[in-house]
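Let me begin by presenting the structure, written as structure tokens, before commenting on it.
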Protein chains: 2
Amino acid sequence: MKQLLIVGSIAIDSIQTPWGSADSVLGGSATYAALGARFWTPVGVVGVVGTDFPERFKKSFRKYGIDGVGFRQVEGKTFRWKGRYNQDLQPTTLYLDLGVFGGFQPRLPDSLKRAPYVFLGNIHPALQWRVLKQLRSPKITACDSRDDWISTQRRGFLKLLKKVDIVFLNDSEVRLLTGLHSLVQATRVLARFGPKVAIVKKGEHGVLAASRDSFFTLPAYPLQKVVDPTGAGDAFAGACLGYLTTHRKVSWEVLCRGVEFGSSVASMTIEDFGPSRLMNATIRDVLKRSRVFRSLTRAIIV
Amino acid sequence: MKQLLIVGSIAIDSIQTPWGSADSVLGGSATYAALGARFWTPVGVVGVVGTDFPERFKKSFRKYGIDGVGFRQVEGKTFRWKGRYNQDLQPTTLYLDLGVFGGFQPRLPDSLKRAPYVFLGNIHPALQWRVLKQLRSPKITACDSRDDWISTQRRGFLKLLKKVDIVFLNDSEVRLLTGLHSLVQATRVLARFGPKVAIVKKGEHGVLAASRDSFFTLPAYPLQKVVDPTGAGDAFAGACLGYLTTHRKVSWEVLCRGVEFGSSVASMTIEDFGPSRLMNATIRDVLKRSRVFRSLTRAIIV
């Protein structure tokens, strides 16, 4: 049995940034989340790819202990994204072809239905809902989303929020959903939409987290050099949830540690193109990064 | 002898924000810095006001233990600023009259020449330099600046940076000065321009601090309600320096604590129009805010 089930996109990305470019690298929300989580726990991914999906990418999943039992390869093309980031790390989509991902219907193999921890990547809220319905006895469920689902599938997403434990959104998504400009207010309000915890990712400006009665904030790891922000938010969520699987009881303090590890893993993701750095990293690298991160944000080390 | 000498503007501000407005309130960089520092140390302010400067404002300074010996009242009008903030807290100047501040020539009374701690508010770099030259045996000197001085008086400001211990700039100022977009890089580079410590204020996104070999970052205090950001940066610098005066040796850890207190005081400043909240606050309020702030940013309270 896999501890953490991740459902989302698996893609082939081509990326341009002011600092360089990468062509046809492994991408997708499920990919980054799984690679972020794998430091702490075995992961099962449910996703779909086309016949053009390279064998070496499949090997990558296996290499990092990511279970491919929910991984379907069907006739057609893999989801492809080509994008360019400006120096403020805002992306512009240059090319997008959903391919077989356009008809993605997540069906969970029995072994994954019993996963205690679940991350629903930013797929259509109706599909996220369908995954929830297939789960036997989840302990902690979490979801992400994106601007277009929040605009066009608002009701479906709000319904989903009543059923998940943790929601991860970025700054623009939470503003869109709550109609609030202040991110501190918006994060608190999001935590009242249903989930126990709302986590708002602000990229280079760090993260905010709220429950009904607690609040937590961290700056981003002060990276000297940003190479490629692709997937950092998904790796953040994956690492955060991965860490949570190692605790029998998820207290607020454990959640805050999870956010800290999420931030550390996200900062490493950004240091190289695509998932390269995330793939090369060991748990020792992650723990070291977290230690440094803590020392950079603590006035007093007691 | 006053511990901390502050040189800068004293103004009468009229402020509009999306959340309300305030007319003809006490303002100016020296005012906010002094009010931020007074929790920890006696402060002497050097500045100039016109004959229209209300008696009640003078009383305010005395009330908060701010020495008026370097405080000159001359024929003419007090510096007046009227501005409007948008919801992103970006200001637009609606009206500006430098008045007697336009001809400000800071001359230090003997008692202030011996101040061990000195903050040079964002006046012309040549005037900041002139103040430095009048000091007898400063222990720690710090300066601020603003976009127009960095653009038009670049050489003068760079010369000043070789002589001060701490420089406080905001995000746009440090980008302008260094030509670097990454604030982490820009903060590190700023610390190599001469000062021992560079502190970059990012408003709602927190603060970065660098020395030649250390780095520190904090998020902003997660305020539920922003009322008026005027003076927050100056109150930050004042509080940071005020805290430093309480330590015989200013280690990196002490500096980081100063940054933490600066953030706490800045967040309080923003909670009401003009300097109202800063004036009402006691050191107990500041310590309480700092304790809460720490608990909001620490995953583990050891």
Counting other chain Cβ atoms within 10 Å of each Cβ in A:217-226 and taking the mean gives 6
Taking a ≥ b ≥ c as the square roots of the Cα gyration tensor eigenvalues, with a/c under 1.5 meaning rounded and otherwise prolate when a/b beats b/c or oblate if not, the range A:149-264 comes out oblate
Candidates B:97, B:272, B:88; GNM for chain B (alpha-carbon contacts under 10 Å) flags as most fluctuating B:88
Heads up, the range B:4-301 by the C-alpha gyration tensor (a ≥ b ≥ c square roots of eigenvalues; a/c under 1.5 rounded, else a/b over b/c prolate, else oblate) looks rounded
Between residue B:21 and residue A:55, Cβ-based FRET efficiency (R0 60 Å, step 0.05) works out to 0.35
Going from the fewest other Cβ atoms within 10 Å to the most, one would list B:10, B:140 as B:140, B:10
Exposure proxy check on A:146, A:38, B:107: fewest-to-most Cβ neighbours within 10 Å is B:107, A:146, A:38
If each part is reduced to its alpha-carbon centroid, the range A:48-106 and the range B:75-96 end up apart, in Å, by 52 Å
Relative contact order as a percentage, chain A, C-alpha pairs under 8 Å and 6+ apart, gives 18 percent
Using alpha carbon centers only, the range A:243-302 is separated from the range B:9-35 by a whole-angstrom value of 41 Å
Whole-Hz Karplus couplings 3J(HN,Hα) for the range B:94-109, θ = phi - 60° and coefficients 6.51, -1.76, 1.60, Gly and Pro as x, run 9, 7, 8, 9, 5, x, 5, 5, x, x, 4, 10, x, 10, 8, x
Those helices of chain B passing the 24 Å axial Cα length cut-off and the mean Kyte-Doolittle cut-off of -0.5 (DSSP H runs only) are B:252-269
Residues whose built amide H sits under 5 Å from the amide H of residue B:17, excluding neighbours closer than 5 in sequence, are B:85
One finds the C-alpha centres of the range B:165-237 and the range B:126-159 to be spaced, in Å, by 17 Å
Ordered by fewest other Cβ atoms within 10 Å, a rough proxy for footprinting exposure, B:124, A:181 read A:181, B:124
Shape call for the range B:208-302, from the Cα gyration tensor axes a ≥ b ≥ c (a/c under 1.5 means rounded, otherwise prolate when a/b beats b/c, else oblate), comes out prolate
Beyond 28 Å (Cα-Cα) in this structure, taken from B:113/B:159; A:2/A:249; B:133/B:202; A:59/A:202, we find B:133/B:202; A:59/A:202
Amide H contacts under 5 Å for residue B:27, restricted to residues at least 5 apart in sequence or on another chain and with H modeled in the peptide plane, are B:11, B:12, B:13
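Each reported figure results from applying straightforward, stated rules to the coordinates on display, with no laboratory input. The shown structure was predicted, so the numbers you read here are calculated from the model rather than taken from an experiment. A quick note on method: Cβ atoms are made from the backbone with ideal geometry, for glycine too, and the neighbour counts reach across all protein chains shown.
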